[in-house]
Amino acid sequence: MKATFRSIEGTYDILPTSRRAVRRSEAWQHVEGVIRDMMQRFAFQEIRTPVLEPLSLIARGVGEASDIVTKEMFAFIRGRTHYVLRPEMTAPVMRAYLQHHLEQHPGEQRLFYMGPCFRAERPQKGRYRQFHQFGVEILGAIDPRADAEVISCALEIYGALGLTGTTLRINTLGDADSRVRYIEALCAYFAPYEAKLTSASQQRLQKNPLRILDTKVQAERALVREAPRLIDYVDSESRAHYEAVKALLDEVNISYTEDPHLVRGLDYYTRTAFEIEGAGLGAQNALAGGGRYDLLSQSIGSSRSVPAVGFAAGMERLLLALEAGGQPWPAAGVVDTYLLGLGEAAAPVLFVLAHQLRRKGLSVIQGPRWRSMKAQLRTAHRLKARCCVIVGDNEVATGQATAKDMAQGTQQLVSFDALPDYLLSYLR
RNA sequence: GUGACCGUAGCUCAGGUGGUUAGAGCGCCAGGUUGUGGCCCUGGAGGUCGGGGGUUCAAGUCCCCUCGGUCACCCCA
């Protein structure tokens, strides 16, 4: 039989049975559990925002003209409203912060999120049209401690999952003026070489000069190495902030490499910028990225300045990296108890038993009564059931079920009434 | 948006230069004597070879188009 519909390009189903971790629900649950646990240790509380946001929220943050708005987002109009499927979470979190006046709450706001985001890009390894991000935002914090804490949180999550081979790169972007001055210097530096650049880089020189820094063309990389360094254009307060962040990272032995060419394309980013890369990910090897965005609140129209720092991380890339690292996944059984029926008389008995056992907190499933005992036991074995309860005509007649221990292979007659307590004590 | 490679059973894949009823392993189902799983043995179901068109006496195999997948470029919030 041929399937008629498929999931949309760049989207995929997460199933209980998939061989690949990225597409297996059990793997997701495990990773999500570790993330939530770590968020709690850092006292980050969960925020859930709608998948739909006003287009202008995203567009204003990003700048109207860029490819991001025109090509990379799922946007549509309905009635008079322009909608967008959120492409990331930082702007929505800031929107919620401003909308609900969270600055009125005591101290900084420490929020984490986990959920689907959408970008209309061509899919490739580690890049999907519906993908999932988790991350944290500390809003209302100017302290370099917050920057370091955010970095630490991301790394602790990866560590707790047993992921190895991650590398941390950091840089400082300075304030808005620093970047304006730097971009001028960069353009001045590249201008004499313009004819030699690839057409892509020539366009970047016009539209987004900072992006020349991460060109993949070998000849251009040599030019980039000699290019002016952002750090030399950064204001003194930002430098002091940067030094403070590094000092804190040193205190807890977080190793990093300083990358003077690590930049952000959007204007609302300030000061600290960092990226964590993973192994075995292909071209899209950034596991997480983050930093400070002290100017975001104003760039989305608020009169209020909200200093903030955070990171965003890709779930799919994390799963991919864990898979590439050969991490074994904890394999859980599907059920505690498999109720095996033989013949119609067993039907009401099993239904009642299942009800009682579930009330006691056990995980229970009933086998199909019309199939052979052998087939049902085989199924029970595959589900990793720890015991089977067998009820056929004999058991119905005597009021006693056969309880079978699947690991030992032993079995015992137990009256229906006593069965819930018997199994409960047996399985504990 | 651009490019490369790929598309044969549920899954992973075989099917030299086109030639008769399309294969394997795993998985699934059923048996191997009465109501007992794992190992082993036997059998079975399951495919319009992604779809459409063309070349040919003959196409899974060649050509074109199309739709998917994968990876890379572009972009990267």
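The values are calculated or read from the model by the stated rules, or taken from the named source; none is laboratory data. Quantities reported herein were computed from a predicted structural model and do not represent experimental measurements. With ideal geometry, Cβ positions are generated from the backbone for all residues, glycine too; neighbour counts draw on all protein chains shown. Areas reflect the complete protein model, heavy atoms only, side chains present, ligands, DNA and RNA absent. Shrake-Rupley method; radii C 1.70, N 1.55, O 1.52, S 1.80 Å.
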Which value results for Rg/Rh of the range A:75-172 when Rg is the Cα radius of gyration and Rh the Kirkwood radius based on the inverse mean 1/r?
1.03
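Relative contact order for chain A: what percent, with Cα pairs under 8 Å and sequence separation of 6 or more? Kindly include the intermediate steps, with their values, before the conclusion.
Details: 718 pairs, mean separation 61.5, N = 428.
Result for chain A is 14 percent.
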Between the modelled labels at residue A:32 and residue A:18 (7 Å from Cα along Cα→Cβ) the distance in nm is 1.3
Nothing charged except the Cβ atoms of Lys and Arg (+1) and of Asp and Glu (-1): what's the magnitude of the dipole of the range A:81-202 about its Cα centre? Round to the nearest 20 debye.
680
Heavy-atom accessible area of the range A:279-414 with neighbours in place, 1.4 angstrom probe: carbon+sulfur share in percent works out to 53
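Can you give the charge dipole size of chain A about its Cα centre, rounded to the nearest 20 debye, using +1 on the beta carbon of Lys and Arg and -1 on the beta carbon of Asp and Glu?
On the way: 52 positive and 47 negative charges, 372 e Å.
The dipole magnitude comes to about 1780 debye.
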Helix A:346-359 versus the longest principal axis of chain A: what angle, 0 to 90°, nearest 10, using Cα atoms?
50
Run the numbers on the range A:1-81 and let me know its relative contact order in percent, using alpha-carbon pairs under 8 Å that are six or more apart.
12
Dipole-positive endmost among A:322, A:333, A:350 within the range A:263-381 (Cβ charges, Cα centre)
A:350
Using the charge dipole of chain A (Lys, Arg: +1 at Cβ; Asp, Glu: -1 at Cβ; taken about the Cα centre), state which of A:172, A:305, A:96 has its Cα farthest towards the positive end.
A:96
Please report, for the Cα atoms of the range A:215-257, the Rg to one decimal and the Dmax as a whole number; what are they, in angstrom?
14.6, 39
Place a +1 charge on the Cβ of each Lys and Arg in the range A:134-186 and a -1 charge on the Cβ of each Asp and Glu, then give the dipole magnitude about the Cα centre in debye, rounded to the nearest 20.
200
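When the helices in chain A are scored as -39500 (n - 2.57) per DSSP H run of 4 or longer and the sum is shared across all residues, what 222 nm value do you end up with, to the nearest 500 deg cm²/dmol? List each step's numbers first, then the result.
Numbers: 15 runs with 158 residues, N = 428.
Mean residue ellipticity, 222 nm, calculated: -11000 deg cm²/dmol.
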Backbone N within the range A:388-426 under 17 Å of label point (7 Å from residue A:355 Cα along the Cβ vector):
A:416-421
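At R0 = 60 Å, how high is the FRET efficiency between residue A:373 and residue A:221 if r is their beta carbon distance? Nearest 0.05 is fine.
Numbers: r = 68 Å, r/R0 = 1.14.
For R0 = 60 Å, the calculated efficiency reads 0.30.
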Classified through the alpha carbon gyration tensor (a ≥ b ≥ c as square roots of its eigenvalues; rounded if a/c is under 1.5, else prolate when a/b is larger than b/c, else oblate), the range A:337-427 comes out rounded
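What whole-number value in Å² describes the accessible area per residue of chain A for a 1.4 Å probe? Present the calculation step by step, with values, prior to reporting the outcome.
Values: 21810 Å² over 428 residues.
Here the residues of chain A average 51 Å² of exposed surface.
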So what's the angle, to the nearest 10 degrees on a 0 to 90 scale, between helix A:236-251 and the longest Cα principal axis of chain A?
40
Dipole-positive endmost among A:62, A:186, A:284 within chain A (Cβ charges, Cα centre)
A:284
Quick numbers on chain A, Rg and Dmax over C-alpha atoms in Å, give 28.1, 96
So for the range A:337-427, averaging the separation of alpha carbon pairs under 8 Å that are six or more residues apart and normalising by length, what relative contact order in percent results?
31
Count of Lys pairs (Cα-Cα under 25 Å; at least 8 positions apart or interchain) in chain A:
12
Can you tell me the orientation of helix A:25-41 relative to chain A, as the angle in degrees between its alpha-carbon axis and the longest Cα principal axis, to the nearest 10?
60
The range A:146-278: spread of alpha-carbon positions along the three principal axes, whole Å, largest first, is 49, 33, 23
